[in-house]
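Each value in this text was obtained by applying a stated rule to the coordinates, not by laboratory testing. For clarity, every value in this text was computed on a predicted model and none was experimentally measured. Every residue, glycine as well, gets a Cβ built from its backbone with ideal geometry; the counts of neighbours run over all protein chains shown.
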Amino acid sequence: MNTPTDNAPQIDAEEILAGILRWVSVESPSNDGDAVNGMVDMVERDFQPLGMHIERTPGRDGFGDILSCRTPWGGDGPGILVLSHLDTVHPHGTIDGPLTIRREGDRVYGPGIYDMKGGAHLGFYALRHLVRAGRTTPLPVTFMFVPEEEVGSPTSREAIERAAREHKYALVLEPAREGGKIVTARRGSARYVMTVKGIPAHSGLRHQDGRNAIKEMAQQVLRIEALTDYDRNLTLNVGLVSGGTGVNVVPAHCEVEFDIRVPTPEVAEEICATVEALEPVDPDCELKISGGMNRPPYEKDAGIEALYQHARVLAAEIGFDLEDMKTGGGSDGNFTAALGIPTLDGLGVDGHGAHQLDEHMYYSSLEPRAKLLVRLLETLE
């Protein structure tokens, strides 16, 4: 590591902050591919002076492009995959009103600053620091930036899994949790759409001829929610509902979307089979269910434990205790871990308020987290 007395470049929290704020200033909601590509353009320009091999895959289905930047050193063998996403949940205009960019003491606010442009920029900064210092890494390093993680990575999952199979380790720069903890396990997730088709009728003249799709769906929602089992770390949540055409019409259509979080592949298989086997309560109504697993469970295995212990030793050398945890939210780390690739997640900035209008990162986390990333890149073999 550099010391204050040498002439090598030092890790500078103010410089890191300036870079992060520059990235945060470009709003990039997931569903606006052009806006996300504005962010991709900026990241690509930042990496170009570092001599990287850059590959940009055009987006599809309205989403932005996938950007991969690989070091020219380290050989052609399996290396380190560093994963980030450039989209945020915040709509256009958030930066101008509800969540302005500002610093208040140790807290720095902005849309996507914590989840996860802060972490994404830390990865870039760590590599640039090594280049400036004239150092390389034992393994090749690929930085992959995806455009739609916040909506489940529907167009980038295949590319992530393909890249993971070609690498030895995966470092995911999602935000730190609960005071700087990294993530070594996550629940898997499934998403489903359930549709009920009933029979329309005039609610005053021929009510008895109708079959109420909303009534049928209400009973299905109760069935779905009743499958939640906190003791098994299994949760189901009906989050969206729509239906009906008028207050005086027996509704012929109702649709819900629901989310399932599962701790293990076995529980995933069981609960998905249960949900997909649901039948209508009213035999005159039609029930359709579509969907399935979106992200497989991310389980802590021996390879992940060994990688975590390595990171913990490095953190201790830097001067802080690195704890790990399991969390319920999913990330692209679920894909890499499920393939057996040792994966550390939550290596980004510390902060609070992901997806909220008080989203912020802690300035004090920038220097130690950047140092940890530098040391991981230059010590993993």
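Some observations on this one:
- Calculated FRET value between R206 and H253, using beta carbons and R₀ = 25 Å, to 0.05: 0.90
- Three-way shape label, segment 97-193, alpha-carbon gyration tensor, a/c 1.5: oblate
- Within a straight-line Cα-Cα reach of under 18 Å, K288 can be paired with the following lysines, leaving aside sequence neighbours fewer than 8 residues apart in one chain: K197, K215.
- Nearest-ten-degree value, helix 302-318 long axis tilted from longest Cα axis of the chain: 50
- Pairs from K117/K168; K300/K371; K168/K300; K117/K326; K181/K326; K168/K326 whose Cα-Cα separation, in the structure shown, is over 18 Å: K117/K168; K300/K371; K117/K326; K168/K326
- In range of the label at D358: residues from segment 164-193 whose backbone nitrogen is under 20 Å from the point 7 Å along Cα→Cβ: 175-181
- Proxy reagent accessibility, fewest Cβ within 10 Å first, across D259, D12, D231: D231, D12, D259
- Structural descriptor for segment 188-295: relative contact order 43 percent, calculated from alpha carbon pairs under 8 angstrom and at least 6 residues apart.
- Fluctuation leader among R211, R312, R157 - the chain, Gaussian network, Cα springs under 10 angstrom: R211
- Relative to the longest principal axis of the Cα atoms of the chain, the long axis of helix 366-379 makes an angle of roughly 80 degrees.
- Expected 222 nm ellipticity per residue - DSSP helices of 4 or more, -39500 (n - 2.57), all of the chain, to 500: -9500 deg cm²/dmol
- Modelled FRET efficiency - R0 25 Å, M325 with E55, Cβ distances, 0.05 increments: 0.15
- Here the simple spin-label model places points 7 Å from the Cα toward Cβ, and for R132 and S242 these points are separated by 4.9 nm.
- Cβ-Cβ distance of E367 and E305, R₀ of 30 Å, FRET efficiency by 1/(1 + (r/R0)^6): the value works out to about 0.65.
- Each label point was placed 7 Å from the Cα along the Cα-to-Cβ direction; for E269 and R22 their separation is 5.0 nm.
- Across the chain, the relative contact order, built from alpha-carbon pairs under 8 Å that are at least six residues apart, equals 23 percent.
- Rounded to 10°, Cα long-axis angle of helix 213-226 versus longest principal axis of the chain: 50
- Neighbours of D284 by Cβ distance under 13 Å: Lys/Arg scored +1, Asp/Glu scored -1, total -2.
- Tensor-based shape of segment 311-375 (alpha-carbon gyration tensor, a/c under 1.5 rounded, otherwise prolate or oblate): oblate
- Positive dipole terminus of the chain, leading residue within P263, I66, Y109 (C-beta point charges): I66
- Counting every other Cβ atom within 10 Å of each residue's Cβ, V193, V36, V250 order from fewest to most as V193, V250, V36.
- DSSP-defined antiparallel bridges as percent of all bridges, the chain, nearest 5: 75
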